[in-house]
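The values are calculated or read from the model by the stated rules, or taken from the named source; none is laboratory data. All figures in this text were calculated on a predicted structure; none of them were measured in a lab. Positions of Cβ are backbone-derived with ideal geometry, glycine not excepted, and every protein chain shown enters the neighbour counts.
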Amino acid sequence: MSTFRIAVIGCGSMSKAWIEHSLQREDSQIVAMVDIRKESAAAMAERYGIRCGIYDDVRQAITETGANLVFDVTIPESHFAVTSAALELGCDVFGEKPMTTSMEQARRLVALAEREGRTYAVMQNRRYLPQIRAFRDVIAHSGIGEIGFVNADFFLGPHFGGFRDAMDSPLLLDMAIHTFDQARFITGKDPVSVYCHEFNPAGSWYAGNAAAICIFEYADGGVFCYRGSWCAEGSPTSWEAQWRVNGSRGTAIWDGATAPIAEVLLTAEEQAGAGGSRFRRVEAELSWNGRSGHAGCLDEMFAALVEGRRPETYCTDNIKSMAMVYGALESAKEGRKVKL
Ligand SMILES: NC(=O)c1ccc[n+]([C@@H]2O[C@H](COP(=O)([O-])OP(=O)(O)OC[C@H]3O[C@@H](n4cnc5c(N)ncnc54)[C@H](O)[C@@H]3O)[C@@H](O)[C@H]2O)c1
């Protein structure tokens with residue numbers, strides 16, 4: 001019998017990456033496909049030629065198939081119900097972002113995972129790229145010093161159609177979790193407060209606010225400034241955002257696509273020997289050889305289960321990125337700085 005008996009819950013567009021990943025693993029078997037629209041589960045099983053139970057109810061699927069690992073790839077509004085049912089029935093859970101649609105629900109899921117002694121890890125695929133791994137290394141090791149000011153610019157104009165065009169706060173709720181999580185990942189720092197101004201610029205095709213400026217403060221007085229728009233036509237940034245990190249002795253930058261670089265202040269002695277040049281340029285090495293995106297994050301989640309440790313995106317970590325999103329939303333609504 002396979003080590004991992006997987007129930008895939010939510011058979012929509014994103015589930016394909018998850019299913020394809022598990023089909024590549026010899027230690028895994030999909031034993032159930034579940035969707036409230038049962039025909040979607042059946043169609044997905046047929047698409048991949050998977051023989052398994054087809055259900056519209058999570059609890060029944062887990063109980064009847066003996067699943068021990070659940071992929072929660074449902075819509076955000078269903079994550080709390082699906083993941084809590086799976087944890088209560090003794091399963092580990094790998095789930096899509098965002099954890100839940102409120103901080104209160106997220107805290108309850110974290111408490112449940114801890115009480116049941118189960119793994120609940122969340123998909124943060126944008127941590128899994130050679131460039132962001134190299135950027136994190138450059139920030140930590142190139143000598144730019146103590147981080148004082150972090151900037152991320154995110155300007156894109158996707159015309160999705162569908163639920164994002166109609167929802168409140170599409171940028172902050174559906175996308176910013178990625179960039180906020182990336183900020184925590186590259187700096188290793190968690191902010192303690194946020195001030196956010198959210199707005200809907202001229203020409204926006206979204207009903208809700210599709211742009212935001214957030215000022216996050218760190219306990220040491222440093223700042224992470226996020227400027228984002230999802231209705232910005234022309235000259236787009238990368239989906240990974242465009243980054244500048246100022247340290248006490250230099251600056252690291254990443255355009256979100258190519259290899260990051262840093263410029264590090266030379267000591268007086270080094271400057272004397274460098275013909276007047278004040279900085280040393282550091283080219284980041286793209287040495288991380290894991291798989292990118294969803295595959296990389298799932299590799300890490302499975303490796304953690306096999307090795308009996310917590311994955312990088314374990315829920316106790318991920319809730320800190322969630323807190324940045326919900327803190328920003330609260331700040332924008334109330335027009336004041338919010339403690340995280
Ligand atoms: N990590 C990323 O880059 C990324 C990108 C896109 C979407 N997502 C996330 O992936 C998740 C799924 O998105 P999607 O685009 O596949 O959505 P989707 O609407 O295409 O699919 C979701 C499926 O879940 C089913 N579902 C809803 N509630 C259910 C329940 N209680 N039990 C069983 N099935 C249920 C729906 O019927 C639907 O088939 C969302 O959380 C979304 O935010 C992540």
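What to note about this one:
- Residues of the range 64-86 satisfying the condition of being in contact with a strand residue (DSSP E or B) (Cβ under 7 Å, 6 or more places away or on another chain), of a type in the set (D, E, K, R) and within 21 Å of Ile177 (Cα to Cα): Asp72
- Condition check for Val306: in contact with a Pro (Cβ under 8 Å, 6 or more places away or on another chain) and modelled with pLDDT of 95 or more: no
- The set of residues in the range 32-68 that are in a helix (DSSP H, G or I) and away from the ligand (no atom under 11 Å from the Cβ) comprises Ala42, Ala45, Glu46, Arg47, Tyr48, Gln60, Ile62, Thr63, Glu64, Thr65.
- Within the range 50-74, residues that are within 9 Å of Ala7 (Cα to Cα) reach partners that are within 11 Å of the ligand (Cβ to nearest atom) and of a type in the set (Ser, Thr, Tyr) with beta carbons closer than 6 Å, at six or more positions or on different chains, in the pairs Ala61/Tyr55; Asp72/Thr83.
- Selection from the range 1-31 of residues that are part of a loop (DSSP other than H, G, I, E, B) and either more than 10 Å from the ligand (Cβ to nearest atom) or outside the structural domain of Phe302 (by TED's automatic domain parsing) (or both): Met1, Ser2, Thr3, Gln24, Arg25, Glu26, Asp27
- The set of residues in the range 69-98 being more than 19 Å from the chain's Cα centre (by Cα) and either near the ligand (Cβ under 7 Å from one of its atoms) or not in a strand (DSSP E or B) (or both) consists of Ala81, Val82, Ser84, Ala85, Ala86, Leu87, Glu88, Leu89, Gly90, Cys91.
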